[in-house]
Amino acid sequence: MKKIIIRTLALLLVSISFTTVWAGETQLNANQILQKVDDVINAPKDQDLKVKLILTDKKGKEKIREMSMLQIGSDKRLVKFLSPAAQKGIAFLSLPDDVMYLYLPAFKKIRRIASHVKNTKFAGTDFTYEDMEAVRYSDKYIPEFVKEEGEHFILHLTPKEGVKTDYSKLIMWIRTDNFYLEKMEHYNKGNKLFKIMIRDKIEKVDGYWIAKETEMNDLKAKHKTKMIIEEVKLDSSIPAKIFTKRNLEK
C-alpha cells in the first residue's frame, strides 16, 4: 500500500513539474514569437512606399486616396497624402517615445498629437493615429500564448503598465512559417471587439516579407479602409533628417 502511495505521489510530482515547465515555455515562447513578429515587420533598414487607399462605407461607396510612407527602422515614420486635392499635403510624423505630429495644410499648422486623442481616425480612414505609428509591439504589450491553430500562432496581448492606449487587448494571428502578422483583432476599453485588421498578399520583396494589402474593418461604423502598396523601395538609404517637424510642411 505504501509503495502504491509513494508511486502515485511521484507521478503527481512529475505531472506538476511538467505543467510548470510547459507553462513557463508557453510564456517564453509568446515573448519570442512577438519579438520575431517585430523583427520581421521592421526588418528593412528603411522603407519607401507609395500606397493606394480605398475607403468603403456601409453602402459600398468607395473613395480613393494616395499617400507616400517613409520609415526608418522601427520607430520613425512619415506619411504624406498625395491625392485627392482635399487631402493633399496632410502629413503625419511618428517618432520614438510616442511622439506624433500632424500637419494640416488648410491651416498651415503643425500640432502635436496628445496621447488621449491617439484613437482618433487618421484623415477619415479606419486607421487611428496609434495604428499609423511606427512601433514594436513587444515594447508596449505583454503577450500570452493562446494556441497554435493550423498555420498560425495565436497570441493575446495586453498593454504594459504605463502604456497609454485605447486598446484593452489585441488578438494576433501569426504565420508559423515566417512569423508575419496576418490578422489582428482590436478590443476597446469595454473589452469589446470593434476593429479587425487583415494583411494579405504577403510576399518577399528584396529578401523581406511584405504585405501588399492591409485592410482595417471598423465593425461598428461598418466602414473599412484598404491599403494597397503600389510601389516599394527598401534599404534605399533614406536620410534621418527627413523625419522632422520642419519636413512635414514640404
Q: Among the residues of the range 184-207, count how many are buried (at least 16 other Cβ atoms within 10 Å of the Cβ), more than 19 Å from Gln47 (Cβ to Cβ) and free of Cβ contacts under 8 Å to residues at least 24 places away in the same chain.
A: 6
Q: Hey, can you tell me all the residues within the range 108-150 that are more than 30 Å from Ala85 (Cβ to Cβ) and either of a type in the set (Val, Ile, Thr) or touching an Asp or Glu at 6+ places or on another chain (Cβ under 7 Å) (or both)?
A: Ser115, Val135, Arg136, Tyr137, Ser138, Ile142, Val146
Q: Select from the range 172-214 the residues that are of a type in the set (Val, Ile, Thr), more than 23 Å from Asn119 (Cβ to Cβ) and either within 14 Å of the chain's Cα centre (by Cα) or assigned to a strand (DSSP E or B) (or both) and list them in ascending order.
A: Ile174, Ile202, Val205, Ile210
Q. When the range 215-227 is examined, which residues are found to be assigned to a strand (DSSP E or B) and either free of Cβ contacts under 8 Å to residues at least 60 places away in the same chain or surrounded by fewer than 16 Cβ atoms within 10 Å (Cβ to Cβ) (or both)?
A. Glu215
Q | Residue satisfying all of: in the range 55-81; in contact with a Gly (Cβ under 9 Å, 6 or more places away or on another chain) and over 24 Å from Tyr137 (Cα atoms); surrounded by the fewest Cβ atoms within 10 Å (Cβ to Cβ) among these | A | Lys63
(Q) Among the numbered criteria (1) assigned to a strand (DSSP E or B); (2) in contact (Cβ under 8 Å) with a residue 60 or more places away in the chain, which one does Val40 miss? (A) (1)
Q.
For the range 155-171, which positions are within 15 Å of the chain's Cα centre (by Cα) and small (Gly, Ala, Ser)?
A. Ser168
Q) Do we have any residue at all in the range 43-51 that's within 27 Å of Lys222 (Cβ to Cβ) and in contact (Cβ under 8 Å) with a residue 60 or more places away in the chain? A) yes
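Each reported figure results from applying straightforward, stated rules to the coordinates on display, with no laboratory input. Since this is a predicted model, take the numbers as computed values, not measurements. All Cβ positions, even for glycine, are placed from backbone atoms using ideal geometry, and neighbour counts span all protein chains on display.
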